[in-house]
Amino acid sequence: MSFKAFKKGMHNFTTNISIIINTILLIIVYFIGVGITFIFAKMVGKHFLDMKLSKGSYWKTLNLKKKPMVSYYRQF
Amino acid sequence: MYILGISCYYHDSSAALLKDGKIVAAAEEERFSRKKHDTTFPDLAIKYCLESQGITIDDVDYVGFYEKPFIKFERVLSQHLECFPLSLKVFLSSTPSWINEKLRVVSKIKKSLKYKGDILFIDHHMGHAASSFLVSPFKKAAIVTVDGVGEWTTTSYGIGEGNDIRLLKDIQFPNSIGLLYSTITAYLGFTVNNSEYKVMGLAPYGNMDRKTNPWYNKLFKVVDVKDDGSYRLNMKYFKFHWADRMPSHAMCSLLGGPIRKPESEVDQRHKDIAAALQMVTEDIMTKILNHVHKETKCNNLVMAGGVALNSVYNGKILKNTPFKKIWIQPAAGDGGTVIGVVHYIYNTILGNKRTYQMTDANLGPKYNTEQIQTFLDKNNIKYTTFKNDNELVKTSAKLCHENHVIGWFQDGMEWGPRALGCRSILASPCNPKAKELLNTKVKHREKFRPFAPVVCDDDAAKYFDCDKPVPEPTDYMLMVYPVFKKWHKKIPSVTHVDGSGRLQTIRKHQNPRYYNTIKEFGKLSKIPILINTSFNIRGEPIVCTPHDAYKCMMGTGIDYLVMDKFLIKRSENPKDMWDSEKYAID
């Protein structure tokens, strides 16, 4: 087996390992972080998306206009 | 002062460069990378923008980004929190790209471009609003933005006056007309964020009568619409907020069957559903626009967002609402927000006076005569040179009149999804077989899709029942109008099944060669209209370079290529080794 093939094999191996580790970590984050928050939210009746139909208008006040310069440097 | 706008990581990455208040270059990444709807960081589009002005990134004063990534991430997290544990699969597939790319925009821009200056983040729908209003001919206008989703907003309206824009109200995710349209597009077996226009083209084959179309009323179970145009989706019919598939099982039950498999037969039910969707969309949009007119009391309207590319509805706006004038910029979708970002920074944030009005879309790469001749000579391509513009125009018109298909490569590449006479394929609309010929030999498109006519602005009202004066968005192929009945049989290839045409009007100052060729064709055929379809094959972005154009011609049934002042005949050149049929997929 040439060094090049060995290097390629090692690269594939590390890629696969990192995918497996990332997936395990994300599953833990999902069930602990998202899951626990979800349970608390359910307990207090909090909804994160507006999905309920109602009788009134669905327009929400946005009032988005020019802001101070500093706010445009922010990603939020 | 130079300002660079960047959009990426969702769909249609793009870049635009503003110099002292004027857009000098803009292009979508897909044209350079040759990957349709490329989402990656637009290195190549940025490189083009900078090189077109002979500057480096050090000369750029500000870089603007087309959304607020952290707010968008908050919305994505909210979806996971609301839909736990159903969203696990999407969480696992999408989170890595958030961690590695989308939340690292600043470091990506600084590292990739070696940029040391300021980066400003503009709200997505403000980018849309600015992309339309600040380059429009209006000093004051009502603004409506409607797309799939930005950070949270999916639909918004407001008012623009001078340099200032105020977005007053919005509707937020998951309630979205854009996502409703995309969901039915997916249900009909077409690709989302790509083929919505195909559904729009399919609709006229269905039952367009609100009283007798069985799906029209059923779709109103999916969306609750108020008289003021505000709406909310009934989420039991959707899965896009937690899955990578859009319609739910309830939607499939409602619409009487499973999701259509891509490339399988499109039957009458599919056509009727497409028709119902188009009618529902039009009804919602009319209510929104009537409400916006009432609230803003403006007679001028500017629109942006993917839904503003619904040219069938756009052609009805001035007839069905109190608005008197309309403006939509050629790249109304997400890629086009970069135009808004750079103008918003220059005009609104920095307070500079508006001096630019978009009058054509030729903002992409240009190749001069010398560069094209060098390409042709270097590749041993046989060609002839036109002595002057008159010969070019006469020969091109004659070739079209003889039912040849022409590749037309002139001037700067178009900004936006439509080819507008710089990277176009031209043919005679009078040939009843032109549609079939173009479809089978060149475009490989679905048979139901119509081809578009191009007509000089001064001739448009003779052939099309259009608004008068012809609105500027018609120059960008953004309005569909009825073809007068007496012309239906004379221009069959561009008359859609419902008797409409998605026309492009061309004004002489925009592209004199193109304008004169159409006029010359009119002298030969008595009808000054040509078929204008984008210079690409299905599944490939529109051509950008002379190489792309030559390759496309040699792999398809295009007979001639008119590139700057050179005429290249396909049969005189060796056939390339590639076969366009192989790439004819979306």
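Run through region B:451-546 and list the trypsin sites (Lys or Arg not before Pro) located in a DSSP loop whose Cβ has at most 13 other Cβ atoms within 10 Å.
Here the sparse-neighbourhood loop sites are B:489, B:508, B:526.
Rounded if a/c is under 1.5, else prolate if a/b beats b/c, else oblate: with a ≥ b ≥ c from the C-alpha gyration tensor eigenvalues square-rooted, which is chain B?
Taking the square roots of the gyration eigenvalues as a ≥ b ≥ c, chain B is rounded.
Kindly write out, for region B:356-362 in residue order, the coupling ³J(HN,Hα) from the Karplus curve 6.51 cos²θ - 1.76 cosθ + 1.60 (θ = phi - 60°), rounded to whole Hz, with x marking Gly and Pro.
Once rounded to whole Hz, the list reads 10, 10, 6, 10, 8, 10, 7.
Just to confirm a number: summing +1 for Lys and Arg and -1 for Asp and Glu over residues other than residue B:214 whose beta-carbon lies under 13 angstrom from that of residue B:214, what do you get?
Once all neighbours under 13 Å are counted, the net charge is +4.
Given the rule -39500 (n - 2.57) for each run of at least 4 DSSP H residues, summed and divided by the residues of chain B, what is its mean residue ellipticity at 222 nm, to the nearest 500 deg cm²/dmol?
Helix contribution divided over all residues of chain B: -9500 deg cm²/dmol.
Shielding by partners for B:83-94, please: the mean number of other protein chain Cβ atoms within 10 Å of each residue's Cβ.
3
Can you pull out the trypsin sites (Lys or Arg not before Pro) in region B:374-457 whose DSSP state is coil and whose Cβ has at most 12 other Cβ atoms within 10 Å?
B:382, B:387, B:433, B:447
What is the fewest-to-most order of B:520, B:161 by other Cβ atoms lying within 10 Å of their Cβ?
Final ranking by Cβ density, sparse to dense: B:161, B:520.
With a 10 Å Cβ neighbour count serving as the proxy for reagent exposure, in which order, fewest first, do B:415, B:152, B:98 appear?
Sorted ascending by nearby Cβ count, the order is B:98, B:152, B:415.
Given a cut-off of 19 Å, what percent of all Cα-Cα pairs of region B:161-305 lie beyond it?
54
If the cut-off is 14 Å between C-alpha atoms, which aspartates and glutamates fall inside it for residue B:35, apart from same-chain ones fewer than 8 positions away?
Partners found: B:12, B:43, B:540, B:548, B:586.
If eta is 1.567 mPa s and T is 4 °C, what Stokes-Einstein diffusion coefficient results for region A:1-49, Kirkwood Rh from Cα pairs, in µm²/s?
95
Highest first, please rank the peptides B:542-549, B:252-259, B:361-368 by the mean number of other Cβ atoms sitting within 10 Å of their residues.
B:542-549, B:361-368, B:252-259
Let me know the mean shielding of B:120-128 by other chains, meaning the per-residue number of their Cβ atoms within 10 Å of its Cβ.
3
In terms of Cα to Cα distance under 21 Å, which lysines are near enough to residue B:68, apart from those fewer than 8 places away along the same chain?
Filter leaves A:60, A:65, A:66, A:67, B:102, B:108, B:110, B:111, B:116, B:169.
Please tell me the relative contact order of chain B in percent, rounded to the nearest whole number, where contacts are Cα pairs under 8 Å and at least six residues apart.
The value is 15 percent.
For chain A, what does -39500 (n - 2.57) per DSSP helix run (n ≥ 4), summed and divided by total residues, give at 222 nm, in deg cm²/dmol to the nearest 500?
So the calculated ellipticity at 222 nm is -17500 deg cm²/dmol.
Sort B:304-312, B:336-344 for me by packing, meaning the mean count of neighbouring Cβ atoms within 10 Å per residue, highest on top.
Ranking, from highest mean packing down: B:336-344, B:304-312.
Roughly what angle does helix A:35-44 make with the longest principal axis of chain A, taking Cα atoms, 0 to 90 degrees, to the nearest 10?
Once rounded, the angle reads 10 degrees.
Looking only at other chains, what is the average number of their beta-carbon atoms within 10 angstrom of each beta-carbon in A:42-51?
5
Can you list the HN-Hα couplings for region B:23-35, worked out from phi with the Karplus curve (6.51, -1.76, 1.60; θ = phi - 60°), rounded to whole Hz and with x for Gly and Pro?
So the J values, rounded to whole Hz, are 5, 10, 7, 7, 7, 8, 4, 4, 5, 8, 7, 6, 10.
Between A:26, A:64, A:53, find the one with the highest GNM mean-square fluctuation for chain A; connect C-alpha pairs within less than 10 Å.
Taking springs between Cα atoms under 10 Å, the residue moving most is A:64.
Suppose every Lys and Arg Cβ carries +1 and every Asp and Glu Cβ carries -1, with no other charges. What dipole size does region B:177-328 come out with about its Cα centre, to the nearest 20 debye?
Dipole magnitude for region B:177-328 comes out near 280 debye.
State the antiparallel share, in %, of DSSP beta bridges confined to chain B, rounding to the nearest 5.
Within chain B, antiparallel bridges account for around 70 percent of the total.
Check cross-link reach from residue B:114 to the lysines: straight Cα distance under 17 Å, and skip same-chain residues fewer than eight apart.
Straight-line reach from residue B:114, under 17 Å: B:47.
What are the DSSP H helices in chain B that stretch 20 Å or more along their long axis, judged by alpha-carbon atoms, and whose average Kyte-Doolittle hydropathy comes to at least -1.0?
What comes out of the filter, once short or polar helices are dropped, is B:69-83, B:268-296.
Mind computing the radius of gyration and Dmax over the alpha-carbon atoms of region B:369-583? Å is fine for both.
Cα radius of gyration and Dmax of region B:369-583 are 16.3, 50 Å respectively.
Based only on other Cβ atoms within 10 Å, what is the fewest-to-most ordering of B:110, B:198?
Listed from fewest to most nearby Cβ atoms, that is B:110, B:198.
With +1 on the Cβ of every Lys and Arg and -1 on the Cβ of every Asp and Glu, and nothing else charged, how large is the dipole of the protein assembly as shown about its Cα centre, in debye rounded to the nearest 20?
780
At a 10 angstrom cut-off on C-beta neighbours, averaged per residue, how do the peptides B:555-561, A:56-62 rank from highest to lowest?
B:555-561, A:56-62
Working from the pairwise distances between different alpha carbons, so that the mean of 1/r is found and then inverted, what is region B:115-192's Kirkwood radius in Å?
13.9
Every number in this text was worked out from the coordinates using simple rules, so none of it is lab data. Here the structure is a predicted model, which means the values were calculated and not measured. We place every Cβ from the backbone using ideal geometry, glycine too, and count neighbours over all the protein chains shown.
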